[in-house]
Amino acid sequence: MRDSRFHTVIEPFRIHSIEPVRLISRSERQARLDEAGWNLFALHGDDVLIDLLTDSGTGALSNEQWAAIQRGNEGYAGSPSWFRFRDAVHELFPFKHVIPTHQGRAAEKILFGVVGGSGKVIPNNTHFDTTRAHVEFSGAEGVDLVVPEGLDPRNRHPFKGNVDIPALSRLLASRAEDVPLVMVTITNNSGGGQPVSLANLRAVRELCDEYDKPLFLDACRFAENAWFIKTREPGYVNVAVADIVREMAALADGMTMSAKKDPLANIGGWLAMNDDALASECRNLAILTEGFPTYGGLAGRDLDAIAVGLRESVDEDYLRYRIASTAYLGEGLERAGVPVVVPFGGHAIFIDARELLPHLPALQYPGHALACALYVEGGIRSCEIGTVMFGMGADGVERPAPMDLVRLAIPRRTYTHNHLDYVIEVVTYVARNSDQIAGLEIVEQPERLRHFSARFAPLRKVETAA
Ligand code: F0G
């Protein structure tokens, strides 16, 4: 509990085991990046000093999670670990059917394998890259309907992840029969980690009722979303985060989940729903790719780690620290004049690369160029969320994404504020010299999810000496 006399938000834990990190020189990093085809996903992790590529599966487990791992039961069917997992999911998300999967995208593949298909359209506030890829892989169309404020990095609207209700209403009025379900992503990762309000979820629910459509949550960052509701939405300041989560769940008919985010696990996910017939179809598909429905591609010990992580994820001392440390990074960058998406998201700070690098057109990938510069100068690995990730249309035509952002995602319970001070110093240095950053071209790319494996080349020679 907080003592109101003191204001420093501390890490609500002691460090219990450490993993050394290694600093290589700037010229070595430039060489590693060249070898990696200027794709940060292709680096060896040992060549990265501070890894802010993702908050997914990269967090530190608690002592209680390690203890739970020892309790893991590896029975193929009906393992006690499964029941502990299912009960922990039900405490927050009481959907009738819970189908474990090895991670979030497996849940997406199963769900859209059943409800997707050509001619279908799936609305969402903003589809995450894997969600969009699975929607499109099924032959369906993914439509992003976030509120206009969500596309303006400077707008301080408290719930920039909200769904544009008039736009959803228009889509349902014109194509209701093509919409198998409505999705809402909490928090809206691709839009800057921005939350969705309960008022907005209720409005989506009303439209779903009007057109008799199920509402599914992509709930990866549900606890951070609930914390933002508690601290920003009128009437919720005295409501427990766990109760806010249950209120969000009660508005939905089902969910997809990656346990690698807010549930504080290194692997895992699930698909949940109330509809018996849909669950039966999904379970049959899950058996094909994930395994028997009481383990779903996971070891029993993973199920136990998730069960404990889920309860820790709604601990309010943890969430206060989590959101405060993300804001600490954002405030440091804002003070240094770096254009960042505001208000700050829950799991990451997003730099507006389009604004920072006005000399680079979107099709020279300013976000990706900035992410490469952060690696070369400071050994920091980040992730472009922009035209590389979203610029290639399903029609094979490349267009600028709505925004070109660089995401500094913060692994949970992993880095201290000193690490974040270093990140602030490096980003500030790179921002002050940003006119030196060259654009990039793509020299090789796959058909889908190109950001993971495309190879790039700088459009002018880059200085390699330190
Ligand atoms: N939905 C959202 C909103 C996500 O952020 C992710 C993953 C997924 C679904 C897929 O889950 O990775 O377990 O298969 N996001 C990670 C990220 C990869 O870096 O933001 P997964």
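The values are calculated or read from the model by the stated rules, or taken from the named source; none is laboratory data. Model, not experiment: these values are computed from the prediction. Here Cβ is always computed from backbone atoms with ideal geometry, including for glycine, and neighbour counts include all displayed protein chains. The accessibility values were calculated without ligands, DNA or RNA, using every heavy atom of the protein model including side chains. Shrake-Rupley method; radii C 1.70, N 1.55, O 1.52, S 1.80 Å.
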Can you name every residue in segment 256-288 that is within 14 Å of the ligand (Cβ to nearest atom) and among the basic types (K, R)? K260, K261
In the list L111, L33, which residue meets the criterion of being more than 17 Å from A299 (Cβ to Cβ), part of a helix (DSSP H, G or I) and within 16 Å of the ligand (Cβ to nearest atom)? L111
Determine whether segment 80-87 contains at least one residue that is within 23 Å of M389 (Cβ to Cβ), within 16 Å of the ligand (Cβ to nearest atom) and at pLDDT 95 or above. no
Log entry, pairs with first residue in segment 47-65 being in contact (Cβ under 8 Å) with a residue 24 or more places away in the chain, second being of a type in the set (G, A, S) and in a loop (DSSP other than H, G, I, E, B), beta carbons closer than 6 Å, six or more apart or on different chains, reads L49/G379; L52/S382
Just one of (1) within 23 Å of the chain's Cα centre (by Cα); (2) surrounded by fewer than 23 Cβ atoms within 10 Å (Cβ to Cβ) trips up Q364, so point out which. (1)
Could you give me the residue pairs with C-beta distances under 6 Å whose first residue belongs to segment 135-156 and is part of a helix (DSSP H, G or I), whose second residue is open to solvent by 30 Å² or more (accessible area, probe 1.4 Å) wherever it lies, and which are 6+ apart or on separate chains? E136/A394; E149/N155; E149/H157; L151/P402
I need the full set of residues from segment 81-91 which are in contact (Cβ under 8 Å) with a residue 24 or more places away in the chain and open to solvent by 10 Å² or more (accessible area, probe 1.4 Å), in order please. W82, R84, D87, E91
Considering I410, I385, which residue is farther than 25 Å from Q364 by Cα, within 16 Å of the chain's Cα centre (by Cα) and of a type in the set (A, V, I, L, M, F, W, C)? I410
Does segment 3-16 contain any residue that is more than 16 Å from the ligand (Cβ to nearest atom), surrounded by fewer than 13 Cβ atoms within 10 Å (Cβ to Cβ) and not in a loop (DSSP other than H, G, I, E, B)? no
Can you tell me how many residues within segment 36-48 are open to solvent by 50 Å² or more (accessible area, probe 1.4 Å) and either outside any loop (DSSP other than H, G, I, E, B) or within 15 Å of the ligand (Cβ to nearest atom) (or both)? 3
Name the single residue that is farthest from the ligand (Cβ to nearest atom) among those in segment 115-131 being surrounded by fewer than 24 Cβ atoms within 10 Å (Cβ to Cβ) and in a helix (DSSP H, G or I). V115
Would you check if there is a residue in segment 76-93 being within 23 Å of the chain's Cα centre (by Cα), in a loop (DSSP other than H, G, I, E, B) and assigned by TED's automatic domain parsing to the domain that holds A250? yes
Here is a list of conditions, (1) open to solvent by 10 Å² or more (accessible area, probe 1.4 Å); (2) over 18 Å from V314 (Cα atoms); (3) in contact (Cβ under 8 Å) with a residue 60 or more places away in the chain, and R232 meets all of them except one; can you say which number that is? (2)
Residue hits (segment 49-75; away from the ligand (no atom under 16 Å from the Cβ), among the hydrophobic types (A, V, I, L, M, F, W, C) and in a loop (DSSP other than H, G, I, E, B)) are L49, A60, L61
Residue check, D395 surrounded by fewer than 24 Cβ atoms within 10 Å (Cβ to Cβ) and either modelled with pLDDT of 95 or more or in the same structural domain as G191 (by TED's automatic domain parsing) (or both): no
